[in-house]
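For reference, the structure discussed in these notes is given below.
The values are calculated or read from the model by the stated rules, or taken from the named source; none is laboratory data. Being a predicted model, the structure only gives us computed values, none of them experimental. Note that each Cβ is placed from the backbone with ideal geometry, even for glycine, and that neighbours are counted across all protein chains shown.
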Amino acid sequence: MAKYLLIDFGSTFTKLTAVDSELGDIFASANHFTTVDTDITIGYKNALDQLSKTIGHPVVFDRVIACSSAAGGLKMAAIGLVEELTVEAAKRVCLGAGAKVDLVFSHHLNSSEVELIKTKKIDIVLLAGGSDGGNSECVLFNAKMLSEANLGIPIVYGGNKSVQDEIKAIFDNHHVNGHIVDNVMPKINQLNIKQAREKIRELFLKNIIEAKGIKKIESEIDKVVLPTPEAVLRACELLAKGYMHEPGLGEVVVVDVGGATTDLYSISEPSKRGDVILTGLEEPYAKRTVEGDLGMRYSATGILKALTKEEIMMINLEKGIDIEKEINDRNTNVSMLPKNRSEELIDRLLAEMCVYKAMNRHAGKMEEIYTPMGMVHHQTGKDLTDIEVVIGTGGVIIKSTDPKQILAKTTNVFRNDFELRPRHPKFYIDSTYSLYAMGLLSEFDPVLALKIMKKHLTQV
Amino acid sequence: MKSIVIGVIGADVHAVGNKIIDYTLTNAGYNVINIGVLSSQEDFINAAIEADAELILVSSLYGHGEIDCRGMRQKCIESGIGDIFLYVGGNIVVGKQDFSEVKQRFLQMGFNRVYPPGISIDMALNDIKNDLGE
């Protein structure tokens, strides 16, 4: 019998979810604007007041833990050697650790790229390159470039293990806050996420939340334990796998359309077929992709860029709207909420486009190749065709009057058979917006977190 | 330990010879990076860069090797590994052509060693030892 308070310090809202273990459920929730620019505790205390009002009296919580994506979240630069190999591996590690990958570089760094790391206010750099025993000249060069630039931020080295000592010496000589982890791609096409991800999380908790003024909150609460996207990823993984005697839902896809990004999570085996040839870098079981150019407000113009002139004309003709104007309006007025039916329909249309495009990039592709030995199936990326559960979260989906329309865009609506999208999934929404909270709760009571998640998923 | 990238190029799915080559070269003490069947020129080159390989050994069994291998040396040069050894072997052209002519064409394309059909990997192994200096 215990009461837990789970908090998300989001970029816009500070969200509180109160859980009672005896009740086995959420018993209250509240939110308030995040006030990280002035003092993060103000927004938190306001939200807490609101929570007490909803409950009717102040509550003493046994545990209060939080995740955070406030103050720009965790901004990372992923650096590798070849784009399709160590660069991609480094990118996946960052995304899996809940980071936003703002910069991606390959091969030898130049001074303007290093300068960008400063101007973009990157929090952590992940430097990879070379399989174990492979190329070392490039990572040594890049480690020197980064060290000499005096970035003042942590650099995690997850490249060729053969030069770990030399890299460490470079870091030490330049007094860089450097950290050595296992190679993110120890062999060609083999992905190794775990240790690098743990190190990033540790740095996030030790350095980054301090630098961003988030750590201050730890005088009010027990601890900030995760970046928000990682909390969601953990919730998804628990929901898919189950825990002990409490069964999960099996493989799942989670879609989160936000103002600035569209995030997709898939918890599934990359392929279950024996008759295909798999190529490319190994795919992770729990995969997260973030589309920084697809979002409802800050990144709405990215949707426009993804459309051809003909498509824009067709949408305008079909829907009787001026899509360019609508998108630009939303981009200039990012706090806009739909006031009437037609604005809501346009928001839904934009969300559908975000979801369609994001899934196009997340899902794997299957090519049929005619060879002298007959037809062969050639797969790159993850095969999601068997996924039976697609869950939507994020304001625009949860609050939509027709969330199914949006979520249906994860499937193969345009019949591009080479895209390995979910074929016949059931659609659910995270109606109480509790995935992040259950990711946090799963840290110490996974069974309770799983039960609550299952209870609050609403089929649509 | 010296690294060698092996694989089967193009739309070719002959996997048996590929496994034999892998086994033989590994036993001979090389670090073998086997990128498998259906591999593009870029796959070979990318793997060679990351692994700092000294040799790429291309297999082609289905007769289209000449088309699949065109421009490979140029791509290696562009990618900064212009000095890498390029070997090719298998049934690399269609039909029964005079092998000395075929060999000449592949040498002109920038390959260092060209092997006719039906030879044993042990023959190539001797060349590898000579070329890589072991």
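Observations on the structure shown:
- For B:I81, the conditions (1) over 18 Å from B:V8 (Cα atoms); (2) within 13 Å of chain A (Cβ to nearest Cβ); (3) surrounded by fewer than 17 Cβ atoms within 10 Å (Cβ to Cβ); (4) not acidic (D, E) all hold with the exception of (3).
- Residue within the range A:40-50 that is without any contact (Cβ under 8 Å) to a residue 12 or more places away in the chain and either among the small types (G, A, S) or over 30 Å from A:K187 (Cβ atoms) (or both) present: yes
- Yes/no for A:L317 being assigned by TED's automatic domain parsing to the domain that holds A:L337 and surrounded by fewer than 17 Cβ atoms within 10 Å (Cβ to Cβ): yes
- Considering the range B:49-83, and only residues there that are of a type in the set (V, I, T) and more than 11 Å from the chain's Cα centre (by Cα), the residue that is farthest from A:S131 (Cα to Cα) turns out to be B:I67.
- Verdict on A:E368 being among the acidic types (D, E) and in a strand (DSSP E or B): yes
- Checklist (1) within 13 Å of chain A (Cβ to nearest Cβ); (2) under 14 Å from B:V88 (Cα atoms) applied to B:V58, failing item: (1)
- Within the range B:48-60, the set of residues being surrounded by 24 or more Cβ atoms within 10 Å (Cβ to Cβ) and hydrophobic (A, V, I, L, M, F, W, C) comprises B:A48, B:I49, B:A51, B:A53, B:I56, B:L57, B:V58.
- Unique residue being over 12 Å from A:A235 (Cα atoms), assigned to a helix (DSSP H, G or I) and either more than 20 Å from the chain's Cα centre (by Cα) or modelled with pLDDT of 95 or more (or both) when the list is A:L407, A:L440: A:L407
- Any hit, the range A:62-83, residues being acidic (D, E) and outside the structural domain of A:I188 (by TED's automatic domain parsing): yes
- Residues within the range A:43-60 that are out of contact with any Ser or Thr (no Cβ under 9 Å at 6 or more places or on another chain) and within 14 Å of A:I217 (Cβ to Cβ), tallied: 2
- When residues of the range B:23-47 are limited to those that are more than 11 Å from every other protein chain (Cβ to nearest Cβ) and surrounded by 19 or more Cβ atoms within 10 Å (Cβ to Cβ), the one farthest from the chain's Cα centre (by Cα): B:Y30
- When A:K309, A:K325, A:K339, A:K305 are checked against the criterion of being within 26 Å of the chain's Cα centre (by Cα), without any contact (Cβ under 8 Å) to a residue 24 or more places away in the chain and exposed (fewer than 15 other Cβ atoms within 10 Å of the Cβ), a single residue qualifies: A:K305.
- Residue check for B:D22: charged (D, E, K, R) and touching a strand residue (DSSP E or B) at 6+ places or on another chain (Cβ under 6 Å): yes
- For A:R423: the one exception among (1) buried (at least 17 other Cβ atoms within 10 Å of the Cβ); (2) in a loop (DSSP other than H, G, I, E, B): (1)
- Odd one out for B:Q104 among (1) free of Cβ contacts under 8 Å to residues at least 24 places away in the same chain; (2) touching a helix residue (DSSP H, G or I) at 6+ places or on another chain (Cβ under 6 Å): (2)
- Qualifying residues in the range A:344-384 (those that are modelled with pLDDT of 95 or more and farther than 29 Å from A:I315 by Cβ) - the one farthest from the other protein chains (Cβ to nearest Cβ): A:K382
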